[in-house]
1. Give Pro140, Pro146 a once-over and let me know the one that is open to solvent by 20 Å² or more (accessible area, probe 1.4 Å), at pLDDT below 95, in contact with a Lys or Arg (Cβ under 9 Å, 6 or more places away or on another chain) and not small (Gly, Ala, Ser).
2. Look at the stretch 23-47 and say how many of its residues are surrounded by fewer than 17 Cβ atoms within 10 Å (Cβ to Cβ) and in contact with a Leu (Cβ under 9 Å, 6 or more places away or on another chain).
3. Only one of (1) at pLDDT 90 or above; (2) surrounded by 13 or more Cβ atoms within 10 Å (Cβ to Cβ); (3) over 24 Å from the mean Cα position of the chain (by Cα) fails for Thr241. Which number is that?
4. Does the stretch 50-70 hold any residues that are hydrophobic (A, V, I, L, M, F, W, C) and under 12 Å from Val24 (Cα atoms), and which are they?
5. Among the residues of the stretch 248-262, write down those that are among the basic types (Lys, Arg) and within 16 Å of Ile229 (Cβ to Cβ).
6. Which number in (1) open to solvent by less than 30 Å² (accessible area, probe 1.4 Å); (2) in contact with a strand residue (DSSP E or B) (Cβ under 6 Å, 6 or more places away or on another chain) marks the one condition that Ser109 misses?
7. Of everything in the stretch 208-234 that's in contact (Cβ under 8 Å) with a residue 12 or more places away in the chain, part of a strand (DSSP E or B) and out of contact with any strand residue (DSSP E or B) (no Cβ under 8 Å at 6 or more places or on another chain), which residue is surrounded by the most Cβ atoms within 10 Å (Cβ to Cβ)?
8. Which ones in the stretch 1-22 are part of a helix (DSSP H, G or I) and either open to solvent by 40 Å² or more (accessible area, probe 1.4 Å) or of a type in the set (Lys, Arg) (or both)?
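The values are calculated or read from the model by the stated rules, or taken from the named source; none is laboratory data. A quick note: this is a predicted structure, and the numbers were derived from the prediction, not measured. Cβ placement follows ideal geometry from the backbone for every residue including glycine, while neighbour counts extend to all protein chains displayed. The protein model used for the area step is the full one, side chains on, heavy atoms only, and it has no ligands, DNA or RNA in it. Shrake-Rupley method; radii C 1.70, N 1.55, O 1.52, S 1.80 Å.
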Amino acid sequence: DLTDDRGHFAGLILAQLGAEVILVEPPQGHRSRHRGPWVDDVEDPERSIEFLAFNRGKQSVIIEDSADIAALAATADAVITCGAFDIDPQQLRLQHPGLVTASISPFGSTGPKAGWAATDLTIVAASGTMSITGDRDRPPVRIGPPQAWLNAAADTAGAVLIALHERHRSGLGQHIDTSAQQSFADCSQFFLTTALVGGPCPQRLPGALQLGDYLIPWVYECADGHVTITFLLGPMIGPYTTRMVAWLHEEGFADERLRATDWVNLGMAIAEGRESMDTFD
């Protein structure tokens, strides 16, 4: 694990799955060690809550020379980078053909933005997600705690597992090139990508989502304020909706017609005119 906070979630996922993960730190220590909040409010590199949360289950080594990194990589199944160390993944794979390498970057290693600097804010904006965040008549707003690098790291961990699985067949490693911009759109607002193939682009709307002619509420008024509910259709969230409505039926808040509705396929039925949006409303 050659990452800093731009990728340490990937190593955490693999460690939690049982892998032996070696966190490589520079002499000054992993940069998240130097950021609060701190355990018991005591500022100390060993007490950074962010570092402890994202690097638990890993072993740690301090390395000063990139040659030492190459030697360590020779013993590894996979190497994950994010720019924290000056290392050439391609050179590592030439030396060790079975090695899986992965790089996490803002916009991928190729293309017009490959060399651009970026922050969590600019990556989230470039993903398109901020275009649907906030009130329609006001400027877009960012989401809460930083998320872009976490999505990219999660994608990278999954890709490493796929590459290792393939290596069982071929004996060869391969390179994984993760764009945080793409990961953020894919993981959180994948329907934005329909605009790339001529589909309707979602519009910013507070407490709801406008998909073409359809208004999908996220926030509902309740007795003492508001509640947010992810109530959607289709093969991904429809099974959850089915279980939720079944529970509502058991509690006496949904009739038999709603309980028997095919929430997985209702969206397609509405789109094709076989069902009315009134059912969803």
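1. Only one candidate qualifies: Pro140.
2. Count: 2.
3. Condition (3) is where Thr241 drops out.
4. Val61, Ile62, Ile63, Ile69, Ala70
5. none
6. (1)
7. Leu211
8. Scanning the stretch 1-22 gives Phe9, Ile13, Gln16.
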